[in-house]
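The next block holds one structure in the form of structure tokens; read it before the comments.
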Amino acid sequence: MRITEVEAIPLAVPDPPLRNSWGVHAPYFLRTVLRLHTDEGLTGLSETYGPDIVTPLHLDQARRAVLGEPPHLAQRFALRIGSVDLAGAIEVACLDLMGRATNQRVCDMLGGPVRARVPFAAYLFFKYAGEDTWGEVGSPEQMVSLAERFVDRFGFQTIKVKGGVLPPLAEVETMRLLRRRFGPHMALRLDPNAVWSVETSLRVANELERADVWLEYLEDPTGGIAGMARVRERITLPLATNMCVTSWEDVAPAVEGGAVDVILCDHHSWGGLRACQELGRVCQTFHLGLGMHSNSHLGISMAAMTHLAAAVPNLVAAADTHYPWLADDVVVGAPFAFTEGNLEVPSGPGLGVTLDEDRLAEYHELFRRGVVRQRDDTAELIKRQPGWLPIKPKW
Ligand code: GKR
Ligand code: MG
């Protein structure tokens with residue numbers, strides 16, 4: 001089987017006004033669906049960031065690397081593609097192809113699943129009221145109400161709050177109310193995306209302790225490996241990151257500096273599914289935990305994340321996913337149904353998902369019309385609060 005075409009289809013998909021320390025999500029998020037065609041008539045699927053990351057230059061490189069080649073050469077492709085993100089997306093599509101050709105699931109090709117159901121976390125945001133049904137979330141009490149509805153509907157057993165929006169003590173209060181509402185068995189996380197200084201991070205950790213609020217971990221309270229290490233040496237609360245350890249070069253300084261306890265993998269930015277498996281082994285070697293990071297995504301990535309999480313033994317922390325925020329998907333049979341916060345590994349060959357061509361065309365058309373051209377959460381917030389700046393550290 002030889003690859004005959006690399007198709008990249010940019011999409012703009014409706015997104016709620018979710019807030020973070022950079023600003024707020026635009027009414028649409030951008031993704032690119034990759035489709036690899038072959039001389040045997042099979043196609044392999046994958047999904048990655050929007051077209052500002054999947055550039056024409058990198059697509060050209062990808063075409064030069066893969067056209068005429070069989071899909072099992074992902075390592076060679078990665079060496080030729082200048083973007084680790086695009087190389088990762090090509091790897092996923094190649095795995096999907098190979099799985100379809102040999103009637104194996106992607107998780108089987110990663111060594112086989114070690115769990116049939118993958119736990120995910122309720123990923124909760126402060127937000128403005130929008131087209132979605134969740135309403136405004138602007139206070140600790142409204143966050144508790146959102147958590148109740150997410151837990152009710154999806155059964156999540158872990159709650160991650162995207163912080164860095166309200167002043168730090170209001171976010172401590174949010175976590176206190178969540179702990180009080182859900183009791184000791186609900187795992188809680190807070191992620192302010194590095195908007196606090198070292199001193200504020202220490203104060204928050206102390207206030208959480210004083211309020212008797214135990215967190216599974218605090219995620220990126222402050223910026224950089226050195227800052228995280230300064231926080232970590234003075235608290236007992238575990239620290240996680242998807243911001244200061246984002247590539248292999250960051251691992252050694254983070255381990256040497258004792259900066260983090262948990263690294264959050266992301267196959268979209270680490271170079272694919274096998275790279276994340278390797279990261280799992282590295283984390284195990286250094287007694288670090290492994291979790292999974294997420295950004296707004298569709299069902300193709302949802303399937304890839306589930307196959308990966310099923311195949312990595314030490315990925316025991318519930319994975320992040322933005323999927324419940326999705327208004328509509330581009331895969332047939334969506335949305336994926338969570339049971340007690342878990343997803344079953346898709347059972348079909350490859351990733352186990354089929355594209356819904358009508359939906360794909362609809363969201364490609366929205367992209368073509370330019371409803372959003374690139375992600376800029378700060379520009380979106382400035383439309384609501386003129387003059388606002390994403391200062392870090394802000395508190
Ligand atoms: O979707 O607003 C968002 C998140 O803030 C996302 O962009 C981050 O990458 O999920 C993220 C995280 O830091 O964990
Ligand atoms: Mg994070």
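Brief remarks on what is shown
- Here A129 fulfils each of the conditions (1) over 22 Å from the mean Cα position of the chain (by Cα); (2) not in a loop (DSSP other than H, G, I, E, B) apart from (2).
- Listed by first and then second residue, the pairs with beta-carbon distance under 8 Å, at least 6 apart or on different chains, first residue in segment 151-175 and farther than 16 Å from A205 by Cβ, second of a type in the set (S, T, Y) and within 14 Å of ligand 2 (Cβ to nearest atom), are K160/Y123; K162/Y123; V165/S21.
- Leading residue by the ranking (farthest from ligand 2 (Cβ to nearest atom)) among those in segment 156-170 that are under 30 Å from A337 (Cα atoms) and in contact with a Gly (Cβ under 9 Å, 6 or more places away or on another chain): Q157
- Subset of segment 172-195 that is in a helix (DSSP H, G or I) and under 14 Å from L237 (Cβ atoms) - its residue that is nearest to ligand 2 (Cβ to nearest atom): M175
- Residue that is surrounded by the fewest Cβ atoms within 10 Å (Cβ to Cβ) [pool: residues in segment 29-44 that are over 24 Å from I391 (Cα atoms) and within 17 Å of the chain's Cα centre (by Cα)]: T32
- Hits in segment 152-174 (condition: more than 24 Å from G224 (Cβ to Cβ) and in contact with a helix residue (DSSP H, G or I) (Cβ under 9 Å, 6 or more places away or on another chain)): R153, F154, F156, Q157, I159, A170, E173, T174
- Enumeration of residues in segment 1-28 that are more than 16 Å from ligand 1 (Cβ to nearest atom) and more than 18 Å from the chain's Cα centre (by Cα): M1, R2, I3, T4, E5, V6, E7, A8, I9, P10
- Test: residue in segment 296-318 that is within 16 Å of ligand 2 (Cβ to nearest atom) and on the phi > 0 side of the Ramachandran plot: no
- When the test is whether a residue is under 16 Å from the mean Cα position of the chain (by Cα) and of a type in the set (A, V, I, L, M, F, W, C), L326 passes it.
- Qualifying position, being within 16 Å of ligand 2 (Cβ to nearest atom) and among the acidic types (D, E), among E209, E219, E199: E219
- Residues located in segment 278-302, provided they are more than 13 Å from ligand 1 (Cβ to nearest atom) and aliphatic (A, V, I, L, M): L279, V282, L288, L290, L298, I300, M302
- All helices (runs of 4 or more DSSP H) inside segment 30-124 with 2 or more residues being more than 14 Å from A303 (Cβ to Cβ): 56-66, 74-80, 84-102
- Only residues that are surrounded by 23 or more Cβ atoms within 10 Å (Cβ to Cβ) and either more than 16 Å from ligand 1 (Cβ to nearest atom) or among the acidic types (D, E) (or both) were counted in segment 136-155, giving 1.
- Pick from segment 1-40, criterion touching a His at 6+ places or on another chain (Cβ under 6 Å) and of a type in the set (D, E), ranking: farthest from ligand 2 (Cβ to nearest atom): E5
- Candidates are the residues of segment 286-318 that are out of contact with any Gly (no Cβ under 7 Å at 6 or more places or on another chain) and part of a strand (DSSP E or B); the one that is surrounded by the fewest Cβ atoms within 10 Å (Cβ to Cβ) is G289.
- Residue count for segment 223-277 satisfying the condition of being within 14 Å of ligand 1 (Cβ to nearest atom), touching a strand residue (DSSP E or B) at 6+ places or on another chain (Cβ under 7 Å) and in a helix (DSSP H, G or I): 2.
- Residues that are within 15 Å of ligand 1 (Cβ to nearest atom) and either modelled with pLDDT under 95 or in a helix (DSSP H, G or I) (or both) do not occur anywhere in segment 207-222.
- Screening D52 on (1) more than 18 Å from the chain's Cα centre (by Cα); (2) under 22 Å from R373 (Cβ atoms); (3) surrounded by fewer than 18 Cβ atoms within 10 Å (Cβ to Cβ) shows it passes everything except condition (1).
The values are calculated or read from the model by the stated rules, or taken from the named source; none is laboratory data. Treat the numbers as computed from the prediction; the structure is a model and nothing was measured. Methodologically, a virtual Cβ is constructed for each residue, glycine included, from the backbone with ideal geometry; neighbour enumeration extends over all protein chains shown.
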